[in-house]
Amino acid sequence: MKRQDFRFLQRLRVRWCEVDMQKIVFNAHYLMYLDTALADYWRAMLMPYEAAMQQFGGDLYVKKSTLEYHASARYDDALEIGLKCSRLGNSSMVFTAAVFRGEEVLVTGELVYVFADVQTQTSRPIPAALRDWLQAFEAGDQMVTLRCGDWKELGTDASRIRTEVFVQEQRIPQEMEWDAADATATHAVAYNRLGQAVATGRLLVHAPGVGRIGRMAASRVLRGAGLGSAVLRALMSAALDRGDSQVVLHAQRSAESFYARLGFAVQGAPFEEAGIAHIEMCAATERFG
């Protein structure tokens with residue numbers, strides 16, 4: 001089994017609490033590694049697990065876990081956990097797993113899950129939408145669909161995400177979140193393969209030839225899956241299409257490095273907005289052409 005056999009690989013570093021006196025990882029921790037990796041597998045699929053399973057009308061339950069040990073991981077090793085959905089039955093699904101240290105295979109395994117009714121825990125057929133989603137992910141298909149439009153078209157979905165992130169999570173007062181600019185802005189909303197809105201942002205006119213991006217938000221359980229960069233690129237492309245040569249934005253300081261990686265540069269001094277530290281950043285739209 002090789003790393004290239006897996007589309008999904010999760011990286012981690014062995015912590016002190018996971019090893020014995022010889023600095024070798026306790027055997028039981030490998031199951032924890034696989035379980036943690038599976039949570040990130042759903043995130044990579046852009047599946048908000050709880051909400052998706054509610055929509056599917058069931059949940060997944062572990063039927064069997066098997067591991068085969070080939071070599072030991074040690075304290076501070078950098079590991080990669082590979083997972084792939086290798087078989088789909090009527091109600092069961094099998095994940096093949098491997099733990100790598102570089103190219104060396106340390107552990108291989110198999111996880112068997114059954115889709116079942118939550119109340120009775122009796123098995124039921126895997127929903128067609130979930131089956132298709134898993135197969136598409138393993139085939140390398142696109143997991144996100146981006147739509148750009150006005151508030152009338154996308155406002156319901158955009159407002160739900162912004163309420164979840166800004167009002168509920170960050171506790172920004174509602175009266176500060178909503179403004180008249182929504183009516184004239186270009187909005188972008190990202191959707192997963194189940195049609196659930198999972199991220200949003202908006203583009204305003206800042207000055208002649210200069211756009212302003214704001215209200216960037218992604219569902220908490222899916223952060224780190226590339227949604228923010230997908231929405232940002234869609235808005236930058238929209239700015240370029242309308243003739244803007246530059247775009248500015250007010251980045252929360254916690255997100256400064258995210259925007260910097262995408263080519264935005266800091267301009268000016270830090271400031272507070274809605275009680276949260278921000279910094280103004282800018283980028284040329286030609287970078288996104």
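The values are calculated or read from the model by the stated rules, or taken from the named source; none is laboratory data. Please read all numbers here as calculations on a predicted model, not as lab measurements. Cβ placement follows ideal geometry from the backbone for every residue including glycine, while neighbour counts extend to all protein chains displayed.
Observations on the model:
- Search result, residues across segment 176-215 that are out of contact with any Gly (no Cβ under 8 Å at 6 or more places or on another chain) and more than 30 Å from Glu50 (Cα to Cα): Asp179, Ala180, Ala181, Ala183, Thr184, Ala185, His206, Ala207, Pro208, Val210, Gly211, Arg212
- Residue within segment 11-29 that is under 22 Å from Ala218 (Cβ atoms) and not charged (D, E, K, R) present: no
- Residue match in segment 117-134 (condition: free of Cβ contacts under 8 Å to residues at least 60 places away in the same chain, in contact with a helix residue (DSSP H, G or I) (Cβ under 7 Å, 6 or more places away or on another chain) and surrounded by 14 or more Cβ atoms within 10 Å (Cβ to Cβ)): no
- Taking segment 243-261 as the range and being touching a Gly at 6+ places or on another chain (Cβ under 8 Å) and of a type outside the set (A, V, I, L, M) as the test, the residues that pass are Gly243, Asp244, Ser245, Gln246, His250, Phe258.
- Which numbered condition Val99 misses (of (1) surrounded by 15 or more Cβ atoms within 10 Å (Cβ to Cβ); (2) β-branched (Val, Ile, Thr); (3) outside any strand (DSSP E or B)): (3)
For (1) under 16 Å from Asn192 (Cβ atoms); (2) in contact with a strand residue (DSSP E or B) (Cβ under 9 Å, 6 or more places away or on another chain); (3) part of a loop (DSSP other than H, G, I, E, B), each residue gets a yes or a no:
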residue: Tyr30; (1), (2), (3): no, yes, no
residue: Tyr33; (1), (2), (3): no, yes, no
residue: Leu38; (1), (2), (3): no, yes, no
residue: Tyr41; (1), (2), (3): yes, yes, no
residue: Met47; (1), (2), (3): yes, no, yes
residue: Ala51; (1), (2), (3): yes, no, no
residue: Gln54; (1), (2), (3): yes, no, no
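- Condition check for Leu67: in a loop (DSSP other than H, G, I, E, B), at pLDDT 95 or above and either crowded, with 16+ Cβ neighbours inside 10 Å or not assigned by TED's automatic domain parsing to the domain that holds Phe100 (or both): no
- Selection status of Ala277, modelled with pLDDT under 95, of a type in the set (A, V, I, L, M), surrounded by 14 or more Cβ atoms within 10 Å (Cβ to Cβ) and within 23 Å of Pro173 (Cα to Cα): no
- Being in contact with a Cys (Cβ under 9 Å, 6 or more places away or on another chain) and surrounded by fewer than 18 Cβ atoms within 10 Å (Cβ to Cβ) holds for only one residue in Glu153, Glu164, Glu138, Glu169, and it is Glu138.
- Condition check for Leu111: at pLDDT 95 or above, more than 30 Å from Met236 (Cα to Cα) and touching a strand residue (DSSP E or B) at 6+ places or on another chain (Cβ under 9 Å): yes
- Residue match in segment 207-215 (condition: closer than 23 Å to Ala158 by Cβ and among the β-branched types (Val, Ile, Thr)): yes
- Residues within segment 168-186 that are more than 23 Å from Arg253 (Cα to Cα) and touching a residue at least 24 places away in the same chain (Cβ under 8 Å), tallied: 4
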